[in-house]
Amino acid sequence: IGWQRELLFYRNSEIRRRAGLVNYRLRPDLVLCLHFNAEPWGDPNHPQLVEDNHLHLLVNGAYLPEELELDDERFEMLQKLLSQSFPEESSLAETIAGTMAKTTGLPAYHYTTENGMRVGASGYVYTRNVMATRLYQCPTVYLEPYVMNSREVFARVRAGDYPGTREVAGKRRSNIYAEYVDAVVDGVMEYFKKTRP
């Protein structure tokens, strides 16, 4: 019961509340959902770090038949389709994917399940039915770089925010937060310079 209660709060009520703020109060031109990814790490009481580290970005789409059986998801899907945000979302995601791949050097994540479908030419962008990308009534890109429970990323997160560069996890680099921000900002700037000169 406790797990289900948390799931309904964190993955439903809280996201829906945030969507209300985005759609009716903030009304932004676009939303970027900045996340760190994760991989399974075994027994939660004795977690193990993993070697995997990768990057992908999500835009709305790839609805599964069982998801479309739900009235609210069908309605929200139609609202999102009618907003005609997909061309901008996918183009923006492709541009940010390019700057993120160049900055981070991370390989593309590859979905092995049917809930994600690759779009675009970069290999980094997928459509997926994620509540945030479905509910926000503006172009929305969901970023999933860095596997936070990988050995490398864990070391970089532990190193914290620091100026300049230093050697972390065997390589000289800027802190992971600055790297993330710089890559996203470069992608957004490149996209808008290209589409709205």
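The values are calculated or read from the model by the stated rules, or taken from the named source; none is laboratory data. For clarity, every value in this text was computed on a predicted model and none was experimentally measured. Cβ atoms come from the backbone with ideal geometry, glycine included; neighbour counts cover every protein chain shown. In case anyone asks, the SASA skips ligands and DNA or RNA and just uses the protein heavy atoms, side chains included. Shrake-Rupley method; radii C 1.70, N 1.55, O 1.52, S 1.80 Å.
What the table below lists for this structure:
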item: Values of log10 I(q)/I(0), in the order q = 0.15, 0.18 Å⁻¹, for region 29-98 under a Debye, Cα-only, solvent-free model; result: -0.75, -0.90
item: Label point distance in nm, ASN45-THR112, each placed 7 Å from Cα along Cα→Cβ; result: 2.7
item: Volume per residue that the Cα convex hull of region 69-120 spans, once the total is divided by residue count, Å³; result: 96
item: Whole-percent carbon and sulfur share, accessible surface of region 53-114, 1.4 Å; result: 59
item: Rounded accessible area per residue of region 1-160, 1.4 Å, Å²; result: 58
item: Whichever lysines have a C-alpha closer than 28 Å to that of LYS80, once near sequence neighbours (fewer than 8 apart) are set aside; result: LYS193, LYS194
item: Extension gain (nm, one decimal) between VAL157 and LEU81, 0.36 nm per residue minus Cα-Cα; result: 23.6 nm
item: Using alpha carbons only: equivalent-ellipsoid semi-axes of the chain, gyration tensor based, whole Å; result: 28, 23, 16
item: Cα Rg, Dmax (largest Cα-Cα span) when computed across region 154-197, Å; result: 13.7, 41
item: Cleavage-rule hits (GluC sites (Glu not before Pro)) in region 43-140: DSSP loop, at most 11 neighbouring Cβ within 10 angstrom; result: GLU51, GLU69, GLU114
item: Among GLN84, VAL184, ALA19 - extreme Cα towards positive end, dipole of the chain, charges at beta-carbon; result: VAL184
item: Rounded if a/c under 1.5, otherwise prolate or oblate - region 124-197, Cα gyration tensor axes; result: oblate
item: All aspartates and glutamates inside 19 Å of LYS171 as judged from Cα atoms, apart from same-chain residues fewer than 8 positions distant; result: GLU51, ASP52, GLU152, ASP161, GLU179, ASP182
item: The chain - mean residue ellipticity at 222 nm from DSSP helices (-39,500 (n - 2.57) per run, n ≥ 4, rounded to 500); result: -13000 deg cm²/dmol
item: For the chain, share of DSSP beta bridges that run antiparallel, in % to the nearest 5; result: 50
